[in-house]
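Read through the structure below, which is laid out as structure tokens, and then see the notes.
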């Protein structure tokens with residue numbers, strides 16, 4: 001009888017140890033989930049900010065296009081006016097210079113604005129890729145928590161291992177989301 005009691009005690013200790021490991025694993029998975037969720041929120045904020053800034057720059061680009069086209073048209077009109085040739089030529093030259101300035105000024109011209117807008121669009125797309133990676137990581141971590149929690153109830157080592165594997169996959173996806181989200 002004492003051998004049976006001793007075996008039962010060993011089984012209880014093993015089960016208690018398994019529950020502790022499962023509880024610790026759940027805590028680690030929950031911490032990873034919190035990280036992934038927070039990172040996803042930051043990525044979404046960056047994505048929105050960059051999208052808005054790019055839209056603003058494209059609106060400025062459009063305004064520069066309109067002003068450049070108006071200057072070109074006015075330069076053509078000024079060139080055919082039957083007024084003093086010196087004044088007419090000076091006005092046409094100024095309007096052409098304005099049109100060129102709107103097109104190619106290194107700081108505020110259409111080309112500079114377009115380059116800035118494309119840069120913001122690339123940053124927006126990168127943040128979107130990060131957001132998706134963090135969302136996938138969060139989903140994997142949530143499922144891992146469910147599996148490990150179920151393992152405590154069922155005392156199934158298979159569920160612990162499956163949860164741990166899924167949690168490791170979620171952590172890997174979160175790290176990839178941080179360093180190389182386009183790889184996913």
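Read-outs: derived from the displayed coordinates by stated rules, not from any lab. What you are looking at is a predicted structure, and each value in this text was computed from that prediction instead of being measured. Cβ atoms come from the backbone with ideal geometry, glycine included; neighbour counts cover every protein chain shown.
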Discussion item. Place a point 7 Å from the Cα of residue 19 along the Cα-to-Cβ direction; which residues of region 142-160 have their backbone N under 19 Å from it?
Written reply: 146-160
Discussion item. Run the simple label-point estimate for residue 168 and residue 89 please: 7 Å along Cα→C-beta, distance reported in nm.
Written reply: 8.1
Item to complete: Have a look at 77, 66, 52 and tell me which one the Gaussian network model of the chain (Cα, springs below 10 Å) gives the largest fluctuation.
Response: 77
Worksheet item: Assuming R0 = 35 Å, what is the FRET efficiency of residue 41 and residue 118, from their Cβ-Cβ distance, to the nearest 0.05?
Response: 0.85
Worksheet item: Sorting 172, 74 on the 10 Å Cβ count, fewest up front, what's the list?
Response: 172, 74
Discussion item. Show log10 I(q)/I(0) for region 131-184 at q = 0.12, 0.18 Å⁻¹, two decimals, from a solvent-free Debye sum over equal Cα scatterers.
Written reply: -0.28, -0.54
Item to complete: Could you point to the label whose value was computed as percent of Cα pairs over 25 Å apart for the structure here, given [x] 62; [y] 41; [z] 51?
Response: [x]
Item to complete: Would you kindly state how much longer the chain becomes between residue 108 and residue 3 on full extension, computed as 0.36 nm times their sequence separation minus their alpha carbon distance, in nm to one decimal?
Response: 29.1 nm
Fill in: Angle in degrees between helix 2-79 and the longest Cα principal axis of the chain, rounded to the nearest 10
0
Practice prompt. Set the Förster distance to 25 Å, then compute FRET efficiency between residue 178 and residue 146 from the Cβ-Cβ distance, nearest 0.05.
Written response: 0.55
Worksheet item: To the nearest 0.05, what FRET efficiency results for residue 70 and residue 125 with a Förster distance of 45 Å applied to their C-beta separation?
Response: 0.85
